[in-house]
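> Handing you a structure now.
The values are calculated or read from the model by the stated rules, or taken from the named source; none is laboratory data. Note that the coordinates shown come from a computational prediction; the quantities given were computed from them, not determined experimentally. Glycine also receives a Cβ, built like all others from the backbone with ideal geometry; neighbour counts cover every protein chain displayed. Side chains included, ligands, DNA and RNA excluded: accessible areas come from the protein's heavy atoms. Shrake-Rupley method; radii C 1.70, N 1.55, O 1.52, S 1.80 Å.
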Amino acid sequence: MSSTPTAGVRESRQPKSSSRVATAVCALVLALAMLVTGYVVLTAYMVEPDGPWDKQAVTNSGVAASVGLAFSGVMALLTWLFAKARWLGKWWYAIPAVLAVAALLRLTLLAPEL
């Protein structure tokens, strides 16, 4: 009879530790994705044309902002997946949302002009 309660305790502890590992792995994956996406969006903001002839800088800024927007979409999908599995909280949605808004602003209102 004493082995049954012990087995129940072991079973209840096992999912908790694997859940913590899953949470840590998911947080690490999203943190790395956030760093890459943030770098791409920051690059889009740092590119400014040298003069009225520098169309390549405008194009490069648009490409970097578009790639940042695409990465934000992938981050949002990963966040949705991880939050649906209850490995991460819903506040993680804020990170891809902020990066997506920053990329959209660079593509539209804050786009470099010649």
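> Could you tell me which of the residues Val47, Val9, Val63 is closer than 21 Å to Val98 by Cα and modelled with pLDDT under 95?
The match here is Val47.
> Which pairs do you get when a residue that is farther than 21 Å from Lys55 by Cβ and basic (Lys, Arg), found in the stretch 89-114, comes within reach of a residue that is open to solvent by less than 40 Å² (accessible area, probe 1.4 Å) and part of a helix (DSSP H, G or I), reach meaning Cβ atoms under 8 angstrom, with the pair 6+ apart or on two chains?
Lys90/Ala83
> Which one of these does Gln56 not meet: (1) more than 26 Å from the chain's Cα centre (by Cα); (2) at pLDDT below 95?
(2)
> I would also like to ask the following. Return the residues of the stretch 105-114 that are closer than 15 Å to Leu42 by Cβ and open to solvent by 80 Å² or more (accessible area, probe 1.4 Å); say none if nothing qualifies.
Leu110
> Counting only residues that are part of a helix (DSSP H, G or I) and open to solvent by 50 Å² or more (accessible area, probe 1.4 Å), how many does the stretch 73-96 have?
Here the count works out to 10.
> Consider Leu35 against the criteria (1) closer than 26 Å to Pro112 by Cβ; (2) modelled with pLDDT of 95 or more; (3) open to solvent by less than 100 Å² (accessible area, probe 1.4 Å): it satisfies all of them except one. Which criterion is unmet?
Result: Leu35 passes all but (3).
> In the stretch 53-72, what count of residues is obtained for those that are hydrophobic (A, V, I, L, M, F, W, C), part of a helix (DSSP H, G or I) and open to solvent by 20 Å² or more (accessible area, probe 1.4 Å)?
The total comes to 6.
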